[in-house]
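The structure appears below as structure tokens.
Read the figures in this text as sums done on the coordinates, not as results from a lab. Everything numeric in this text was worked out from a predicted model, so none of it was measured. Here the Cβ positions follow ideal geometry from the backbone for every residue, glycine too, while neighbour counts run over all protein chains shown.
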């Protein structure tokens, strides 16, 4: 059985270094605000090409802290609109509504599965209350348009990156995701390309004032001990996770290269197939997920077909935010593309597979198309 994700296989190369890092932290007697966090922040800033990085508790809190800091610094105010792709995970939307901001859901581009930048610009033209765009680098693929994105920022719109899935990704000019806008949120959930043994996150930015505000908010709103300038949170990165993340971050280049190699093989095998559609290739993507589309209402049959042949699959994401019970009525207009794609997505294993397994996965998926006419002709259920 090829598991969708085998965390033991993912973690095995780091076992000795991880045990040593844990011993180092325990013996240091510093478990918060210590040298491991300081070093990790410096190394993350270098890795992403940003001047400043702040370690925080998780990716959701990272977005929450960015938006709250932008409000406190007078860059946003409650009621302002924030463009966000309709097909993102709900964690991109939750902090927007929590901060009293207004999510403006925009359809994705069917080729990239990322935000359709032309539709985003159209939305900004129609709605003068829109003050920000959240670029979600979904599945590890950069969400960027070299013409429209800078143009929106020149108009005064803030660009917040949800970089939870795309650490290490780059755009055509070589810049990293996480360094494209005013601030970026990172998640180091254990299944991410750079994952903690627990939960962790970070914010990157080139804005010192924003960084100072975020750092204070994450520590109960205090700029110095017992001096609370904001009504803040407890959103700190602990020393244990920081030490572990330093180990993983050093291997980011290798991890990204291995995922790209597996994705390239799978894309080459699946390219041109219409019943199992390969994702658009992007050389700068880091392939956090390898998401194919299975149209025509055959997703369940395809997943059963793959499982029967010893390959687990998953779905990212089956229910878009505006169809969740907590967000009934969120979409101002129908999101037909978002809803159709939600019924087609299938994630194939990529995180913990070998190159040979990637070939087997893609080859097995490609045969689904060949079996369909045969199954119809003979009245067979391929699942």
### Summary
residue 251 and residue 355 label points (each 7 Å along its Cα→Cβ direction) are spaced in nm at 1.8
### Message
Could you check the spin-label model distance between residue 118 and residue 315? Points 7 Å from the Cα along Cα→Cβ, value in nm.
### Response
3.0
### Query
What is the gain in length, in nm to one decimal, between residue 42 and residue 125 on full extension, counting 0.36 nm per residue of separation less the C-alpha to C-alpha distance?
26.0 nm
### Query
What is the helix-to-structure angle for 355-378, meaning the angle in degrees between its Cα long axis and the longest Cα principal axis of the chain, kept from 0 to 90 and rounded to the nearest 10?
40
### Task
Show me 100-106, 205-211, 225-231 ranked by packing, highest mean number of other Cβ atoms within 10 Å first.
100-106, 205-211, 225-231
### Estimated FRET transfer efficiency when R0 is 35 angstrom, pair residue 8-residue 281 (beta carbons, to 0.05)
0.70
### Task
Would you look at the GNM of the chain, springs on alpha carbons closer than 10 Å, and say which of 338, 364, 224 moves the most?
224
### Message
Under 10 Å, Cα contacts only: if you run a Gaussian network model on the chain, which one of 149, 261, 216 comes out with the highest mean-square fluctuation?
### Response
261
### Query
Counting each DSSP H run of 4 or more residues in the chain as -39500 (n - 2.57), what helix-only mean residue ellipticity at 222 nm follows after dividing by all residues, to the nearest 500 deg cm²/dmol?
-12000 deg cm²/dmol
### Summary
Highest mean packing first, using Cβ neighbours within 10 angstrom, the peptides 286-295, 314-323 sort as 286-295, 314-323
### FRET efficiency, residue 228 to residue 268 (Cβ-Cβ, R0 35 Å, nearest 0.05)
0.05
### Message
Just want to confirm a number: the relative contact order over the stretch 252-378, from Cα pairs under 8 angstrom separated by 6+ residues, in percent.
### Response
36
### Message
What whole-number distance in Å separates the alpha-carbon centres of the stretch 146-187 and the stretch 4-78?
### Response
19
### Query
Once fully extended, how much extra length lies between residue 27 and residue 323, figured as 0.36 nm per residue of separation less the alpha-carbon to alpha-carbon distance?
101.7 nm
## Note on the structure
In degrees rounded to 10, the 0-90 angle between helix 35-48 Cα long axis and the longest Cα principal axis of the chain is 60
### Task
Kindly express, to the nearest 10 degrees and within the range 0 to 90, the angle between helix 299-308's C-alpha long axis and the longest C-alpha principal axis of the chain.
80
### Query
Anyone know which of 47, 132, 183 comes out most mobile in the 10 Å Cα GNM of the chain?
47
#### Entry: Rel. contact order, % - alpha carbon contacts under 8 angstrom, at least six apart, the stretch 1-157
16
### Task
Apply 1/(1 + (r/R0)^6) to the Cβ-Cβ distance of residue 304 and residue 17, taking R0 = 41 Å, and write down the FRET efficiency to the nearest 0.05.
0.55
### Task
Could you check what % of the DSSP bridge pairs in the chain are antiparallel, to the nearest 5?
60
### Summary
Full extension between residue 98 and residue 147 adds, at 0.36 nm per residue less the Cα distance, a length in nm of 14.5 nm
